[in-house]
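Okay, so here's the structure we're looking at.
Values in this text are rule-based calculations from the coordinates and carry no lab data. Bear in mind that the values here come from a model prediction, so they are computed numbers and not experimental data. Don't worry about glycine lacking a Cβ; one is built from the backbone with ideal geometry, like all the others, and counts go over all protein chains shown.
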Amino acid sequence: MARACVLLVATAALVALCAAAAQAQPPLPSNNYHVITPGKYKRDQQLACDDPNDNRPSCMAKCDKRCPNQCVVLCPGCKTFCMCDFYPGVSCGDPRFTGGDGNNFYFHGKRDRDFCIVSDAGLHINAHFIGKRNPTMSGDFTWIQALGIRFADHRLYMGARKTAKWDDDVDRLELAFDGAPVRVPAGMGSVWESAAAPGLTVTRTAAGNGVRVQLRGVFDIMANVVPISDEDSRVHNYGVTEDDSLAHFDLGFKFYGLTDDVHGVLGQTYRSDYVNQLNVSSKMPVMGGAPKYVTSDIFTTDCAVARFGARHAAISMVTARAY
């Protein structure tokens with residue numbers, strides 16, 4: 001049970017909170033998390049956090065120098081964290097995952113393909129990868145551009161729209177539920193609730209490009225659309241061009257009630273029998289075996305490790321090679 005309780009923020013205090021919450025698995029308050037995106041404004045942009053339980057003046061939070069352009073603030077208390085310093089369940093950058101066992105690893109996949117990252121009897125999540133080819137490397141630089149989430153008879157799409165010139169004031173987030181657009185009112189803290197799937201909510205964590213998607217008792221996802229900056233492209237030789245800023249997701253996942261049969265790139269790391277065979281002492285431990293996780297579409301459950309609907313024994317597999 002404690003393994004299924006995965007917090008989005010890695011601090012000792014929150015790990016203790018996770019252990020206590022594991023007994024009842026209550027949903028987290030929707031207004032705890034806020035995102036500061038100083039962007040073009042100023043690096044010392046601050047956020048005021050009020051504590052409704054006392055009459056003290058609001059504390060002021062600002063991004064750490066390690067992540068000056070975007071960070072998460074936990075209120076009350078003004079605890080501030082870099083977006084990619086989350087505890088197990090995070091996926092950032094090219095993409096670096098933190099597994100349910102607490103270890104970091106990379107999964108490069110392949111650009112313009114879809115991969116199964118979590119598959120369980122009642123939940124299936126695919127990720128669509130975009131990328132750039134570096135002629136000096138054998139593979140692609142890749143990032144997660146969209147998620148296709150299946151639960152019950154529902155389909156939830158989350159995507160980052162392609163954009164040439166990045167502007168923090170333009171919302172590049174695209175959401176759809178069962179094929180219909182999800183329109184979340186403008187403004188941080190605004191909430192959309194599903195009538196067809198009770199317990200499904202989308203809350204804006206920023207004026208644009210940041211949401212928290214929750215399905216009560218199933219998952220809690222923090223998603224932020226971010227570009228590849230010119231500086232990152234220069235340092236890592238990503239090859240970003242003027243017509244594509246490679247907008248993609250940084251993600252934080254929290255799962256409730258996963259079975260011990262769960263699989264997928266990230267999902268398998270939550271199993272009690274999972275044995276990490278990666279070189280965790282390496283600077284870049286890479287999970288291979290991409291053909292096992294490749295799926296034919298953002299919503300299909302035909303990857304070789306699919307568990308969705310408990311029909312994996314008879315499911316047809318994708319035979320196309322991932323590479």
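For each of Ile298, Ile117, count neighbouring Cβ atoms within 10 Å of the residue's Cβ, then give the residues from fewest to most.
Least crowded to most crowded, the residues run Ile298, Ile117.
Find how much the distance from Asn53 to Ala186 grows on full extension, using 0.36 nm per residue of separation minus their present alpha carbon separation; answer in nm with one decimal. Before the final figure, lay out the partial values.
Values: separation 133, 0.36 × 133 = 47.88 nm, distance 2.82 nm.
45.1 nm is the gain from fully extending Asn53 to Ala186.
Under a Cβ-Cβ cut-off of 9 Å, what is the net charge of the residues other than Val262 that fall near it, where Lys and Arg count +1 and Asp and Glu count -1?
Counting the neighbours of Val262, the net charge comes to -1.
So how do Glu174, Glu242 line up by other beta-carbon neighbours within 10 Å, fewest first? Display every interim value, and only then the final one.
Values: Glu174 14, Glu242 7.
Least to most surrounded, the residues fall as Glu242, Glu174.
Order by neighbour count: Thr205, Thr163, Thr269, fewest other Cβ atoms within 10 Å first, most last. Before the final figure, lay out each step's value.
Values: Thr205 21, Thr163 16, Thr269 24.
Fewest-to-most ranking of Thr205, Thr163, Thr269: Thr163, Thr205, Thr269.
Which order do peptides 165-172, 252-259 fall in by mean Cβ count within 10 Å, highest first?
252-259, 165-172
Answer rounded, prolate or oblate for the stretch 152-213, using the Cα gyration tensor with square roots of eigenvalues a ≥ b ≥ c: rounded when a/c is under 1.5, else prolate when a/b is larger than b/c, else oblate.
Verdict is oblate for the stretch 152-213.
With respect to the cross-link table entries Lys79/Lys165; Lys110/Lys283; Lys132/Lys283; Lys110/Lys165; Lys254/Lys292, which display a Cα-Cα separation exceeding 26 Å?
Flagged as over cut-off: Lys79/Lys165.
Summing Lys, Arg as +1 and Asp, Glu as -1, what charge do residues with Cβ under 12 Å from the Cβ of Asp220 carry, Asp220 excluded?
+3
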